[in-house]
Structure formats: structure tokens, C-alpha cells
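Here's the structure, in C-alpha cells; my notes come after.
Any read-out appearing in this document is the output of simple, stated calculations on the displayed coordinates, not a laboratory observation. The shown structure was predicted, so the numbers you read here are calculated from the model rather than taken from an experiment. Virtual Cβ from ideal backbone geometry, glycine too; neighbours counted across all protein chains shown.
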Amino acid sequence: SALLRRQKIEAKDERIIIAKDKAGARTLYYLWVMIAISVLVFSWFDVELDSVQLIWWIMLISVILYFAHIYYYKKRL
């Protein structure tokens, strides 16, 4: 009974990890889409290049933070 209970808990943990990874991937995907739209809008309105570069820097930092976050969670589990 204890073994079965432990197996159930492990299966649940695995599902939680998978769900976290999927949510993270979705977040990254939405981030890229939003950035692409923003860049298109900015270039459409012919805004200074600096603001577009700023958006790219924000995206780069977000991606780095995202991967650092995943690495931290995988280390912790």
C-alpha cells in the first residue's frame, strides 16, 4: 500500500514538472509573438531604432531569465 501510494505521488510530481515545462514554453512562445508584433508596429509607425533595440534587449534578458528559472527548478527537483 505504501509503495503504491509512493508511485502515485511520483507520477503526480512528473505531471507537475511536465505541466511547468509546457507553461514555460508557452510563455516563451507568447513573448516572441508579442515582440514580433511590437517590432512590426514600431517599424510601421517609423519609431526611432533605439526603441526597437530596447525591445530586443528586453526579450534577450527575458529569455535568459526564463532558462535560468528552468535550470533552477530542474536542479531543485
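Which one is right for this structure if Rg and Dmax of the Cα atoms in Å is calculated from it: (1) 15.9, 45; (2) 19.1, 67; (3) 31.1, 100?
Looking at Rg and Dmax of the Cα atoms in Å for this model, the match is (2).
Per DSSP H run of at least 4 residues, take -39500 (n - 2.57); add these up for the chain, divide by its residues and hand me the 222 nm value, nearest 500 deg cm²/dmol.
That calculation yields -34000 deg cm²/dmol at 222 nm.
Toward the positive end of the charge dipole of the chain, about the Cα centre and with charges on Cβ (Lys, Arg +1; Asp, Glu -1), which of 16, 41, 62 goes farthest?
Final value for the positive-end residue is 16.
Using 0.36 nm per residue of separation minus the Cα-Cα distance, give me the extension gain between residue 14 and residue 39 in nm, one decimal.
Net length gain for the segment: 5.2 nm.
State to the nearest 20 debye the size of the charge dipole of the stretch 2-76 about its Cα centre, where the only charges are +1 on K and R beta carbons and -1 on D and E beta carbons.
Once rounded to the nearest 20, the dipole reads 960 debye.
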